[in-house]
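As structure tokens, the structure follows; a few thoughts come after it.
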Amino acid sequence: MWFMSDNTQPAAPEVVAALERANRGHAASYGADPIMARVTAALRVLFEAPGAEVQLVATGTAANALALACLAPPWGAVYCHGEAHVNSDECGAPEFYTAGAKLVPLDGDHGRIDPAALDAALAIGRGASVHNVQPAALSLTNATEAGTVYDPEALAALTARARSMGLPVHLDGARFANAVASLGCTPSELSWKAGVDVLTLGGTKDGCLAAEAVLFFDPVRARDFGFRRKRAGHLFSKHRFLAAQIEAWLEGGLWLDLAARANARAAALARGLAAIPGVTLAHPADANAVFARWPRGLHRAAMAAGAEYYLWDFDATLDGPDDEPLLARLVCGWSTTEDEVRQLIALVSGAA
Ligand SMILES: Cc1ncc(COP(=O)(O)O)c(C=O)c1O
């Protein structure tokens, strides 16, 4: 019963098979291989963006930090949600790669930036003098770190505010596939048509071994990306192996099938848990993660029976009173089974 993270999932067999095929013979290095040319073409078609610049890296942190470095100067302010991965889980990589831009964390329920909080921050930014960081970019995440999604209208409401000040928009799409599968809209509706300038499109959590694409819908913004990636040590020499993962992941809509599978398991888990007296959901389970609270005693029993997941309250532990409710983060992936979901629900209900 693995609900720890979508990163604990294996890679999809289709992706592994593609790597084996890519491993036959020689291929040009550093992204000049024919697979990369096909991936670029495929992503341009998928996103209805014939002019988009496509680059690949192996981690979401590199994708986000390098993308933001193309948008924000060292004296820039990057507005994001307080719980955004870029703000709380990247060890300062965005600040490092931008050479000092300041992340400005904003509030909002369920992992989504409150438009009023963005308005307030931008109003302060409008008055910035030489003593202050200068408004530079907006960074959003979809699906969010709280397992919710922004629909195209909610995205556009935020990006329009940024654009009204001439700020470009970055979207952390580590779980973009889960958001698209959840909303049933097109990739373009959830990106450039909703005002996104740069998307980091995550493959790793959705069936790849380690592959993320960075899409610049305005290629002018990608001007420095190649130099920044190389300088950061993130340009792979045997780049064909990154490209092969993404090619297989896109092939026949596999990326969306895998994400839909993960989302369906999370929805079933959320339904089952919500029906148990004493269990409350902290956020709507729109995508592939469930945040739920239940008493410590049942966490102890579930973990002792082999359930793997994180307690999500800051410094929460299994030591303490049995009846104190603790928040769990339960992440489903493409390989999560219906049986694992049923078993966890049975453990939490005390029926197992
Ligand atoms: C929202 C979000 N963005 C980006 C990442 C990418 O992280 P990594 O550098 O571990 O691939 C993660 C991984 O947990 C994430 O949850």
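We did not get these values from a lab; they are worked out from the coordinates using the rules stated. Values in this document were obtained by computation on a predicted structure and should not be read as measured data. Don't worry about glycine lacking a Cβ; one is built from the backbone with ideal geometry, like all the others, and counts go over all protein chains shown.
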- among the polar types (S, T, N, Q), under 21 Å from the mean Cα position of the chain (by Cα), within 30 Å of Ala304 (Cβ to Cβ) and surrounded by 14 or more Cβ atoms within 10 Å (Cβ to Cβ) - does that describe any residue in the range 9-18? yes
- Item | Count of the range 289-312 residues which are surrounded by 13 or more Cβ atoms within 10 Å (Cβ to Cβ) and part of a loop (DSSP other than H, G, I, E, B) | 4
- Where Ala11 falls short, out of the listed (1) touching a Cys at 6+ places or on another chain (Cβ under 7 Å); (2) in a helix (DSSP H, G or I): (2)
- buried (at least 16 other Cβ atoms within 10 Å of the Cβ), of a type in the set (Gly, Ala, Ser) and part of a loop (DSSP other than H, G, I, E, B) - does that describe any residue in the range 161-169? no
- Pick from the range 147-157, criterion buried (at least 24 other Cβ atoms within 10 Å of the Cβ) and of a type in the set (A, V, I, L, M, F, W, C), ranking: farthest from the ligand (Cβ to nearest atom): Leu155
- Note on the structure: Within the range 171-218, the residues that are among the small types (Gly, Ala, Ser), in contact (Cβ under 8 Å) with a residue 40 or more places away in the chain and assigned to a loop (DSSP other than H, G, I, E, B) are Ala174, Ser188, Ser191, Gly195, Gly203, Gly207, Ala210, Ala211
- Within the range 262-281, how many residues are assigned to a helix (DSSP H, G or I) and either free of Cβ contacts under 8 Å to residues at least 40 places away in the same chain or surrounded by fewer than 20 Cβ atoms within 10 Å (Cβ to Cβ) (or both)? 7
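Would it be correct to say that Gly108 is away from the ligand (no atom under 13 Å from the Cβ), more than 26 Å from His283 (Cβ to Cβ), free of Cβ contacts under 8 Å to residues at least 60 places away in the same chain and not polar (S, T, N, Q)? Walk me through it before giving the result.
Working: away from the ligand (no atom under 13 Å from the Cβ): yes; more than 26 Å from His283 (Cβ to Cβ): no; free of Cβ contacts under 8 Å to residues at least 60 places away in the same chain: yes; not polar (S, T, N, Q): yes.
Spelling it out, it is not the case that Gly108 is away from the ligand (no atom under 13 Å from the Cβ), more than 26 Å from His283 (Cβ to Cβ), free of Cβ contacts under 8 Å to residues at least 60 places away in the same chain and not polar (S, T, N, Q).
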- Task: Would you be able to tell me the number of residues in the range 39-65 that are of a type in the set (A, V, I, L, M), in a helix (DSSP H, G or I) and within 16 Å of the ligand (Cβ to nearest atom)?
- Result: 3
- Item | Failed condition for Ala69, given (1) under 22 Å from Lys205 (Cβ atoms); (2) buried (at least 22 other Cβ atoms within 10 Å of the Cβ) | (1)
- Message: I'd like the full set of residues that are of a type outside the set (A, V, I, L, M, F, W, C), in a loop (DSSP other than H, G, I, E, B) and touching a residue at least 60 places away in the same chain (Cβ under 8 Å), limited to the range 219-244.
- Response: Arg223, Asp224, His234, Ser237, Lys238, His239
- Is it the case that Gly333 is touching a Gly at 6+ places or on another chain (Cβ under 9 Å), under 20 Å from Ala268 (Cβ atoms) and part of a loop (DSSP other than H, G, I, E, B)? yes
- Residue in the range 81-105 that is nearest to the ligand (Cβ to nearest atom), counting only those that are among the small types (Gly, Ala, Ser) and either closer than 15 Å to Thr148 by Cα or in a loop (DSSP other than H, G, I, E, B) (or both): Ala84
- Query: Do we find a residue being within 16 Å of the ligand (Cβ to nearest atom), at negative phi and assigned to a loop (DSSP other than H, G, I, E, B) anywhere in the range 122-137?
  - Reply: no
